[in-house]
Every structure is written in structure tokens, then in C-alpha cells.
1. Using a 10 angstrom cutoff on alpha carbons, build the Gaussian network for the chain and name the most mobile of Ile86, Ile160, Ile106.
2. So, for the range 3-216, what is the accessible surface per residue at a probe of 1.4 Å, expressed in square angstrom?
3. Compute the helix-to-body angle for 40-51: its Cα long axis versus the longest principal axis of the chain, expressed 0 to 90° and rounded to tens.
4. Given the -39500 (n - 2.57) contribution per DSSP H run of 4+ residues, what per-residue ellipticity at 222 nm results for the chain, rounded to the nearest 500 deg cm²/dmol?
5. One quarter of the convex hull surface, Cα atoms only: what value does that give for the range 33-167 in nm²?
6. Of the peptides 203-210, 56-63, 28-35, how do they stack up when ordered by the mean number of other Cβ atoms within 10 Å, highest first?
7. Among Asp67, Asp139, Asp153, which one shows the biggest mean-square fluctuation in a GNM of the chain, springs joining Cα atoms closer than 10 Å?
8. Once you've got the GNM for the chain with C-alpha springs shorter than 10 Å, pick whichever of Val188, Val116, Val83 has the biggest mean-square fluctuation.
Amino acid sequence: MMQIYLDSANLEEIEEALSWGVISGITTNPTLMAKETGESAPLVEKICRMLGKNPVSVEVLSTAAEDMVKEAKRIANLSSNIVIKIPMGIEGLKAVYQLSQGGKGIKCNVTLVFSVNQAILAARAGAAYVSPFVGRLDDIGWDGVGLVKEMADIFAKHKIGAAIIAASIRHPRHVREVAAAGAHIATVPFSVLKQMVNHPLTDLGVERFLRDWAQARPEEVF
Ligand code: G3P
């Protein structure tokens with residue numbers, strides 16, 4: 001069953017979403033982290049504690065492979081459930097390859113993936129997760145969901161173990177479509193998560209049930 005992650009570094013959003021029982025992980029990025037106040041390391045530690053054993057993706061800011069590896073190790077030391085987000089590229093692939101070596105390797109999530117070839121390379125280098133950006137592809141008139149479907153088909157055909165995290169999700173239709181396309185995970189902003197819950201007929205239905213009950217049996221409660 002497709003998992004849902006929350007794409008957020010905001011403690012209130014994370015706490016609220018976790019209480020719904022639907023979130024299996026968190027993804028952050030430098031833009032999301034920059035929106036929060038205070039230092040990043042204590043914030044990451046707090047988020048990791050809230051998630052228990054579930055994964056929290058935290059992105060490196062370095063751009064050279066050796067620096068990415070050093071930074072990734074520092075970040076991974078903050079908590080055992082951290083996944084290191086590494087931007088796609090030659091330096092990124094080198095870093096993922098080094099970090100994922102050996103049984104005790106650090107798990108990597110290759111981010112900013114916009115093509116099947118990038119996804120294949122990321123998985124070959126050792127990424128545990130690969131994140132295609134659905135919304136940003138749609139923004140330039142390409143087909144974000146189509147990329148997820150093509151990736152999912154190829155990963156299944158070749159038994160590629162990396163999990164596909166559909167990212168850059170902009171609306172509930174994206175979630176439905178990436179689930180149908182075969183994404184293993186959709187990482188959604190809190191605004192989209194709230195939209196997923198709502199349906200006008202649900203609200204009307206609850207209103208009508210309560211009204212009918214109150215009219216017929218105003219005193220009775222279970
Ligand atoms: O976390 C990566 C991704 O979800 C960013 O989404 O909306 O900035 O394209 P967006």
C-alpha cells in the first residue's frame with residue numbers, strides 16, 4: 001500500500017498530521033527548513049524523535065561529493081532514522097555511492113529527479129529512495145505523473161529495490177494519480193493532506209445525520 005509522507009519541517013504541522021495516523025515519514029528540503037525559526041540541528045532532532053523509527057529525509061547543502069559525504073555523516077549522527085537527501089548529479093551520485101556502501105551504510109534519497117535515466121542512475125549508485133518532482137515537471141508543461149508511471153514500470157520490470165517517493169505534490173489529484181502510477185510513497189504538503197480529507201458531501205452528510213437525530217431523539221445519547 002502506498003505510504004504517505006509529510007513534506008514539511010514545521011513542528012505543529014508534523015504533530016497534527018502524525019495524530020491522524022496516516023503519516024509514515026517526513027521529507028524536508030532547504031526551502032522548508034529555512035522557513036522555520038531557530039537552529040536546524042535541534043529542529044531535525046525534534047522531528048526525528050516525533051517520528052520514532054520512521055524516516056526523516058534531510059538534505060545536504062554541499063555541492064562537492066566529498067563535502068556531501070562529510071555533511072551527510074554529521075546529519076546522520078543526529079538520529080538513527082535520518083535519510084540523507086542528495087541532489088541528482090555526478091557529485092551526488094558519487095556521494096550516494098560512498099554513503100550507501102556496506103551493510104551499515106547511510107540511507108540516501110536522491111532528490112530533484114526529472115527523468116527515468118536519472119532515476120536508474122540514482123538507484124544503481126545505491127539510493128534507497130528516488131524522488132521525482134511531479135509538480136515542477138507539470139509546471140514546465142511536461143507530465144510529472146507520466147514520469148512516475150514510467151519509473152514504477154521500469155523499477156518493477158528490473159526488480160530495482162529503490163522506493164519511489166513522488167514529490168512536489170501540488171493537489172489531491174496528484175496523490176491519486178501517483179498512487180495509480182505505482183509510486184511507493186507520496187510526500188505531500190500539509191495543505192494537500194488537509195484537502196485529501198475533505199469532501200463537501202461528507203460535511204453535508206454529517207450535518208444531516210446530526211440534524212435527523214436531534215429532531216427525533218433530542219434527549220438520547222449512547
Ligand atoms: O521536498 C521536495 C518537493 O516536494 C518540493 O516541492 O512544491 O517545492 O516543487 P515543490
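The values are calculated or read from the model by the stated rules, or taken from the named source; none is laboratory data. These numbers come from a predicted model, not from an experiment. Because the Cβ atoms are built from the backbone with ideal geometry, glycine has one as well, and the counts that use them run over all protein chains shown. Side chains included, ligands, DNA and RNA excluded: accessible areas come from the protein's heavy atoms. Shrake-Rupley method; radii C 1.70, N 1.55, O 1.52, S 1.80 Å.
1. Greatest mean-square fluctuation among the candidates belongs to Ile160.
2. Accessible surface, normalised per residue, equals 53 Å².
3. Long axis of 40-51 versus the principal axis of the chain: about 50 degrees.
4. So the helix-based figure for the chain works out to -15000 deg cm²/dmol.
5. 8.5 nm²
6. Ranking, from highest mean packing down: 56-63, 28-35, 203-210.
7. Asp139
8. Greatest mean-square fluctuation among the candidates belongs to Val116.
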